[in-house]
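One structure is given below, encoded as C-alpha cells.
The values are calculated or read from the model by the stated rules, or taken from the named source; none is laboratory data. It should be emphasised that the depicted structure is a prediction, and the values quoted were computed from it without experimental measurement. Don't worry about glycine lacking a Cβ; one is built from the backbone with ideal geometry, like all the others, and counts go over all protein chains shown.
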Amino acid sequence: MSVAAMAAKWLAAFATQKTFGMPALERSILYQLSNAHTAVALAVVTIGLRMNLLGEEILNGTVIMILATCTVSSIGVERASRRLKLRQLRSGADNVAENLEKHPPRTLITVANPITAPSLVELAMMIHQGGKSTPDSPIYALYVRGSDHSDASRAIGRNALSVAEKAAAAVDSTLIPIERYDVSITAGVLNTVAERDISEIIIGLHGRTRITDSFFGQKIEQLVRSTNRMIVVSRCYIPVNTVTRIVVAVPPKAEFETGFPRWVEAMAMIASQLGCRIIFHCHPATTGFVRAVIARGRFAIRAEYVRLDDWDDFVLMSNKILDDDLFVVVNARRASVSFSPELEELPEFLQRNFSRNNLVVIYPEQFGDAPELDATMAAAMSADFTSTPISVWVKLRRLARRLMRH
C-alpha cells in the first residue's frame, strides 16, 4: 500500500513536470510536498471501517502508509530544498562578490578585559584592509556595561578601551572607542552593529568559570543566533605576529555562503603579512573556490590544500596542530547551507582536543534577516545568570551517529 501510494504521487508529479516543462529539481519538490498522507486518508478509512466496508487490516496498513510517506516526504523536502538553495546561490554568486567589493568592511572589536584587548586589536588590524582605518571602513572598539553599575566596572571598561587604542597606535592605525550602557552585553553589541552598520565582529572567547558553561558561552551563542554578520571568535595564547603556520578547517559547501570570499581574503591577509604558510583543509569542490578568491586578490602567499571529506578527517587533525600554529575553524549557523549535524559536536571537540592551542572560529556572513533579539530586562537577566546545559536528546543523537559510522 505504501509503495503504491508513493508511486502514484510520483507519476502525478512526473506528468506535471512534462506538461509544464519543469526541471527535475522542481518535480522532486512537487512530489515530496504532495507525497505525505495524513488526516484525510485516516478519516476515510475510519468511516469505511465503521460502515463495515473495510477491515482492520486496511486501517493498520493506512497507519503504516501515513508513517512511511510522512517520513519520506520530510527527508525528501529537506534535501530538495537544500539543492534548490544551492542552485540559487550559484546563480547569484557574481552579485554577491560585487556587493562585497562595493561595501568595504566595518569592524567592531568587543573588549571586556585589558589583558586580552591587544590580541583582539592585532587580529582585527590584520584582517581589516591591512590595518588601515578610513572613514568608509572604520574600526571600532566597544565596551558594554550591562547590569554592573559599579565604579570598578567603569574603570575596567575605560582601561580596556585605552589599551585597545594604544595597541592600534602601535601599528600606526586608529580605532574609535565606544563605551555603552545597555540591558545586556549582547543587546549592546547588536544595537551598535545596527547603528554603525558593522559588517564583522571580533570577540574573544570567554573563560569558563562554571561547570555548566558551554564552550562558546551564552553571550556568543546568543550573538550568533541574533545576527547574520561575520563573527570571529578568537583565543590566542601567543601574539598573532609570532604565528608560524595557519591551518584552516573548512566544512563542505562553505563556498555557497555569502561571506565566503570575505573570510578567505581575511586569512590570506594574515598569511601575507606574517609571511607564513597557510594550509586549507577542505573538500575538493571547495578548493577551486578558495584558489579563485586568492588569485583574484593577488595574494602572494604559500597556500597548501589538503583533502577533507568528512568529520573523521577533521578529528585526525587534532594531533597535527602545534603550539605556534593558528588553528582556524570555519563554522556554520544552523540554518546555513554548509551546516551539518556533525558541527553540533564541534564545541565539545575543540574543548577536548584544542584547549591549549591558538584558536579562531569564524561564522561567515549570511543572507536574510536575523531574528530579533529579546531585549527585555528578564531576557537580559536570564542570559547573564543562566546557562543552558546540553540536553539528553542531543547526546543520544551524537551517540547514534557514532554507532552508524562504525
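Just a few scattered comments:
- First in region 60-78 and closer than 18 Å to Val40 by Cα, second anywhere and among the β-branched types (Val, Ile, Thr), Cβ under 8 Å, 6 or more apart: Thr62/Val45; Ile66/Thr38; Cys70/Thr38
- Subset of region 268-308 (residues that are part of a loop (DSSP other than H, G, I, E, B) and either touching a strand residue (DSSP E or B) at 6+ places or on another chain (Cβ under 9 Å) or in contact (Cβ under 8 Å) with a residue 40 or more places away in the chain (or both)): Gly275, Cys276, His283, Ile301, Leu308
- Wholly enclosed helices (runs of 4 or more DSSP H) of region 1-92 bearing at least 2 residues at pLDDT 80 or above and over 30 Å from Ser340 (Cα atoms): 2-20, 39-50, 56-91
- Qualifying residue in region 300-320 (condition: of a type in the set (Val, Ile, Thr), under 18 Å from the mean Cα position of the chain (by Cα) and more than 21 Å from Val224 (Cβ to Cβ)): no
- With a requirement of 2 or more residues that are within 17 Å of Val240 (Cβ to Cβ) and among the β-branched types (Val, Ile, Thr), the strands (runs of 3 or more DSSP E) lying completely within region 109-206 that satisfy it span 200-204.
- Taking region 242-261 as the range and being charged (D, E, K, R) and in contact with a strand residue (DSSP E or B) (Cβ under 6 Å, 6 or more places away or on another chain) as the test, only Arg245 passes.
- Which numbered condition Arg180 fails, given (1) in contact with a helix residue (DSSP H, G or I) (Cβ under 7 Å, 6 or more places away or on another chain); (2) free of Cβ contacts under 8 Å to residues at least 40 places away in the same chain; (3) farther than 14 Å from Val111 by Cα: (3)
- Taking region 215-267 as the range and being within 20 Å of Arg352 (Cα to Cα) and assigned to a strand (DSSP E or B) as the test, the residues that pass are Val233, Ser234, Arg235, Val247, Val248, Ala249.
- Residues of region 343-366 that turn out to be of a type outside the set (Asp, Glu), under 11 Å from the mean Cα position of the chain (by Cα) and not in a strand (DSSP E or B), as a count: 3
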